[in-house]
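These notes are about the structure you will find just below.
The values are calculated or read from the model by the stated rules, or taken from the named source; none is laboratory data. No experiment lies behind these values; they were computed from the predicted model shown. With ideal geometry, Cβ positions are generated from the backbone for all residues, glycine too; neighbour counts draw on all protein chains shown.
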Amino acid sequence: MHEMTILLAASLLAVVFAACAATGEPAEAPARAPAAAKRAPEARDDADEKAAAAAPRSPVGFVKGYTWGWNSKRGDYRTDGAAESMKRLAATGAQWITLAYMCHMPAWNKPEILWGDTDPAMVSDAEIRHAIKMARDLKLKVILKPVVDLKPPAAEGKWRGTIDFTTADGKPDDAAWHEWWANYTAYVLHHAKIAQGTRCEMFCVGCELRSTERFQTEWRQLIKKVREVYTGPLVYNGMFETMWFVRWWDAVDVLGLSAYSWNPDQADSSLETLMAYWTLRRDNLRLLVAKVKRPVFFIEIGCRSARGASATSGDFRHWEWPWDGQEQARFYEAAFRVFWDEPWFIGYSWWDWNVRLYPKEKAHENKEFCCYGKPAEKVLRAWYAKPRD
């Protein structure tokens, strides 16, 4: 889940725009592109064909996916409810799952990472393999996504994207960072070996680790080590806010993003308004793809079924907002319409299908991200029934 606190988002965007102005990079969320000159149909078709031919290729085809496994504790994957949940997900027409689970850091400013037997709340290796087997039995492809998170309750305003280590006098603590990278590398390599042994179709090397993205050398070294134990394609789960500042996209095969909206001044949640927002995102991503030569995958994208959620779709705090399944459905429809046919875009992994599903008759009361039994599920089924190479 997109754990960035909504309170930090506005200041993040301000920093991004300022930095882009200084470096000459395109802004993270650009101004509206000028209207294109009208072209004859023949010229348009020719240009579209050339753009498609030049687009970076997907190493896995098109991903019709959904995230499964999050917010689970040890034992959850082996329940009858988990098996039924994945079965109902497969029935939507989804062909992939992103199997996402977390280990924990005791604090945002301590380099220790607890995983495996040192984190008894984390799902076990055997459970991860069991979930992968369940997916295989349902003909689902698997992206394995081990995530590091902060042990709750986290300090106010802190999450995995803000981890940082400083000395008593406020300087960067190089020794602590070195320890963190050693710990994180061990965690990732362990799960990359599971991905290799279970033939997962893709492996995610990191998720929304915004404060670490400046460490280009360390990321390249980690990715090189992962490739020594896992032979499939690699993705990093970045963010709109910092995607232009990652200098090592070329080290992975797929440019993954948490595609949550940040448009708090949104006038309404009409399909037209939502499509206009995603069109701006699309145009900015075209520029980034042209620079880094990597296909884009929304490894996270979602919106809760709550009124107003489409404006800041990563929100998981405002549970007082009234239920609105139609707004969630419009969010899905807009994201499908805008990105589906882009030749450099390789799919969606919607956030997130509950391991412990609520009763379908209670869907009209559930304000979480999961679309089960809600109008958005119908949108998902309709789009995932369409062919897409």
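Below, the figures for the structure above:
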item	result
Residue pairs meeting the criteria (Cβ under 7 Å; at least 6 apart or on separate chains; first on the phi < 0 side of the Ramachandran plot and touching a residue at least 12 places away in the same chain (Cβ under 8 Å), in the stretch 159-182; second of a type in the set (Ser, Thr, Tyr) and surrounded by 12 or more Cβ atoms within 10 Å (Cβ to Cβ))	TRP159/THR5; GLY161/SER211; THR162/SER211; ILE163/SER211; ASP164/SER211
Conditions (1) modelled with pLDDT of 95 or more; (2) surrounded by fewer than 20 Cβ atoms within 10 Å (Cβ to Cβ); (3) among the aliphatic types (A, V, I, L, M); (4) out of contact with any Leu (no Cβ under 9 Å at 6 or more places or on another chain); number of the one not met by VAL15	(1)
Test: GLU327 is touching a Cys at 6+ places or on another chain (Cβ under 8 Å), over 27 Å from TYR101 (Cα atoms), at pLDDT 95 or above and assigned to a helix (DSSP H, G or I)	yes
Failed item, numbered, when LEU89 is tested on (1) aliphatic (A, V, I, L, M); (2) under 15 Å from LYS139 (Cβ atoms); (3) in a loop (DSSP other than H, G, I, E, B)	(3)
Sole residue being within 20 Å of GLU300 (Cβ to Cβ), in contact with a helix residue (DSSP H, G or I) (Cβ under 8 Å, 6 or more places away or on another chain) and in a loop (DSSP other than H, G, I, E, B), chosen from ALA131, ALA94	ALA94
Residue, surrounded by the fewest Cβ atoms within 10 Å (Cβ to Cβ), within the stretch 245-279, restricted to residues that are of a type in the set (Val, Ile, Thr) and assigned to a loop (DSSP other than H, G, I, E, B)	VAL246
Selection count where residues are assigned to a helix (DSSP H, G or I) and either on the phi > 0 side of the Ramachandran plot or in contact (Cβ under 8 Å) with a residue 60 or more places away in the chain (or both), scope the stretch 330-345	8
Check on LYS151, surrounded by fewer than 18 Cβ atoms within 10 Å (Cβ to Cβ), touching a Pro at 6+ places or on another chain (Cβ under 7 Å) and over 20 Å from ASP352 (Cα atoms)	yes
Test: residue in the stretch 54-65 that is β-branched (Val, Ile, Thr) and either under 21 Å from VAL235 (Cβ atoms) or in a helix (DSSP H, G or I) (or both)	yes
Residue check for ARG214: at positive phi and more than 16 Å from the chain's Cα centre (by Cα)	no
Among (1) more than 16 Å from the chain's Cα centre (by Cα); (2) within 24 Å of VAL63 (Cβ to Cβ) - the single one TYR332 does not satisfy	(1)
Pair list, Cβ < 8 Å and 6+ apart or interchain, from the stretch 305-323 residues that are without any contact (Cβ under 8 Å) to a residue 60 or more places away in the chain and part of a strand (DSSP E or B) to residues that are surrounded by 17 or more Cβ atoms within 10 Å (Cβ to Cβ) and of a type in the set (Ser, Thr, Tyr)	TRP323/SER305
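Residue-by-condition table, conditions (1) charged (D, E, K, R); (2) surrounded by 14 or more Cβ atoms within 10 Å (Cβ to Cβ); (3) part of a strand (DSSP E or B):
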| residue | (1), (2), (3) |
| --- | --- |
| PRO146 | no, yes, yes |
| GLY157 | no, no, no |
| ALA176 | no, yes, no |
| VAL188 | no, yes, no |
| ALA192 | no, yes, no |
| GLN196 | no, yes, no |
| ARG199 | yes, no, no |
